[in-house]
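Comments concern the structure below.
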Amino acid sequence: MAKLFRAFFFKSLFFFWYRFLFRQLKNLIGFHRSVSNNSYALATHFKYQKFPSLLNRSDLDDHTLIFDVENILLKSSSLFPYFMLVAFEAGGLLRAIVLVLLYPFVYLAGEEMGLKIMVMTCFFGIKADSFRVGRSVLPKFFLEEVGSEIFEVLNRGGKKVGVTNMPRVMVESFLREYLEIDFVVGREIKVFCGYYIGLMDERKTLQALEQVQEGKGCSDMIGITSFNKVIDQELFSNCKEVYVVSEGDKRSWQALPRELYPKPLIFHDGRLALRPAPMESLAMLMWLPYGIVLAIIRISFALSLPYKISTPLLIFTGIRFTTSIPKTKTSHKAKSNGRIYVSNHRTLLDPLYISFTLQKNLIAVTYSLSRMSEILAPIQTVRLTRNRDQDAKMMQQLLKQGDLVVCPEGTTCREPYLLRFSPLFSEMCDEITPVAMDSHVSMFHGTTASGLKCLDPVFFLMNPAPVYTVQLLDQLVPSQPQINDEKEGSRFEAANDVQRQIGNALGFECTKFTRKDKYLILAGNEGIVSTKRSGKS
């Protein structure tokens, strides 16, 4: 009886698994046939051609070009780094850790479900009105991944339409403002009570198509996509021709040079300096505890030890510090006033590094500085009021106490550009020494427009091997015209002359942008820090 029951049990178990597996295999074959039929129907409708043949066409300005953003425009199709930037910059460290832990599930879940997981993780609970990462942080990383060959093609097109699976709020600013794309077809993220809930609406393809077809000319549409990744069949089905980009084509593309950007990338925000791919993100998160301890050690050395002792110790901790002093000797005439060192502004540590170079204490005049930075600064810092007459009197008094360091840009700039110099320093002193500053980081930026200013030096010192370069240039002696109109023009001329000298020494481009321009772009305000207590305007 027992043998009969055992035989019946195993026989039933065998037939159960046979029927289950057979049914799944049947469904899989049916799904494969369905996909194959759809792909065949799509292929017979489109006139597929290889992408290299598009490079030689001369009539693209008469056509509307519709292209796949993540699979065609960008050299790497991985979306994780961009969502990691959103998680870290807009959501904070905890959200970034959660996204890294979820990456194996994102990878295994498939393209569509993985995208939904990342959107939910990164956007849930973020206030929609204050989300500026798409404009201030992501364009830099997108631009670094643009292929030069595909950009050349798009630049010769008439109307240009970018189609993406990503949320539109992540890519629209980059495409419209930096690549001059006319239309962006992406997904909207649902909002409840002013906050993102992490769910995406479907793309409004028909509405976008109507916008594309409005106006004169460019009625013939050319699609550029990957063969098996037509992300919007309804939109691409209106194309008379579709050009296919292979993975081999993308591997041969060169990165778009900075000088070919339609709009120069001068301002960008965010703490992360590296492109946070999965392995880089994991390494960054593992480094954070060690980086915090290392930053504390470096700050302790700078605050508690003399320059001659702290400088070699800081270099021993990994800081790379190079200096350059002109061969021509500066005059040391007997005088009652000090000297002004005029520097471009890379981080809040600029005056401190000039003090390290000269091996003496200086007075740093700043336009805005957090209270914590003022307390921790090993040299004297004085805030300017942005009132020209008051600031002039204050600087005259400070010059009687010693040498000053001033950064006339009024704010930091990360890229190889110099902002407009305020001319106030040019009428304060007979001895002006231009100082060319440059810095490089590998993991964290030491500046921010929308974050906590007091953490700027900490993030800079958390880098494994931050680099600082200080070049003291030849001393200038501003002319002193007697006529008021000539004085007004002379001080601007002197400021521009110092800006040009520093720009030539560093290889940076001089601009007329100001602090106000930077903060309006990155933070939506004028960058003025209130020094009054709460309750007072």
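The values are calculated or read from the model by the stated rules, or taken from the named source; none is laboratory data. Computed from a predicted structure; not experimentally measured. Here Cβ is always computed from backbone atoms with ideal geometry, including for glycine, and neighbour counts include all displayed protein chains. Each accessible area value is taken on the protein alone, full model and side chains, heavy atoms only, with ligands, DNA and RNA left out. Shrake-Rupley method; radii C 1.70, N 1.55, O 1.52, S 1.80 Å.
Quick notes
Every residue, every condition in (1) modelled with pLDDT under 90; (2) assigned by the TED database to the domain that holds Leu419, yes or no:
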| site | (1), (2) |
| --- | --- |
| Glu493 | yes, yes |
| Asp497 | no, yes |
| Arg500 | no, yes |
| Gly503 | no, yes |
| Gly507 | no, yes |
| Thr511 | no, yes |
| Lys518 | no, yes |
| Ser530 | yes, no |
| Arg533 | yes, no |
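- Enumeration of residues in the stretch 355-386 that are at pLDDT below 85, open to solvent by 20 Å² or more (accessible area, probe 1.4 Å) and in a helix (DSSP H, G or I): Arg371, Met372, Glu374, Ile375, Leu376
- In the set Thr64, Thr121, only one residue is farther than 18 Å from Ser173 by Cα and in contact with a Cys (Cβ under 6 Å, 6 or more places away or on another chain); that residue is Thr64.
- Single residue of the stretch 309-318 satisfying the filter (in contact with a helix residue (DSSP H, G or I) (Cβ under 7 Å, 6 or more places away or on another chain) and among the β-branched types (Val, Ile, Thr)) that is modelled with the highest pLDDT: Thr317
- Scanning the stretch 78-104 for residues that are among the hydroxyl-bearing types (Ser, Thr, Tyr) and buried (at least 16 other Cβ atoms within 10 Å of the Cβ) yields Tyr82, Tyr103.
- Scanning the stretch 289-324 for residues that are closer than 30 Å to Met118 by Cα and surrounded by 15 or more Cβ atoms within 10 Å (Cβ to Cβ) gives a single hit, Gly291.
- Condition broken by Ala128, with the remaining ones in (1) in contact with a helix residue (DSSP H, G or I) (Cβ under 9 Å, 6 or more places away or on another chain); (2) open to solvent by 20 Å² or more (accessible area, probe 1.4 Å); (3) more than 20 Å from Phe83 (Cα to Cα) satisfied: (3)
- Residue in the stretch 149-164 that is in contact (Cβ under 8 Å) with a residue 12 or more places away in the chain, acidic (Asp, Glu) and in a helix (DSSP H, G or I) present: yes
- The set of residues from the stretch 447-477 being part of a loop (DSSP other than H, G, I, E, B), at pLDDT below 90 and hydrophobic (A, V, I, L, M, F, W, C) comprises Ala449, Leu452, Val477.
For (1) among the hydroxyl-bearing types (Ser, Thr, Tyr); (2) open to solvent by 20 Å² or more (accessible area, probe 1.4 Å); (3) closer than 19 Å to Asp350 by Cα; (4) in contact (Cβ under 8 Å) with a residue 24 or more places away in the chain, each residue gets a yes or a no:
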| site | (1), (2), (3), (4) |
| --- | --- |
| Gln397 | no, yes, no, no |
| Val406 | no, no, yes, yes |
| Thr412 | yes, no, yes, yes |
| Phe425 | no, no, yes, yes |
| Met428 | no, no, no, yes |
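- Test: Tyr107 is open to solvent by 50 Å² or more (accessible area, probe 1.4 Å) and assigned to a helix (DSSP H, G or I): yes
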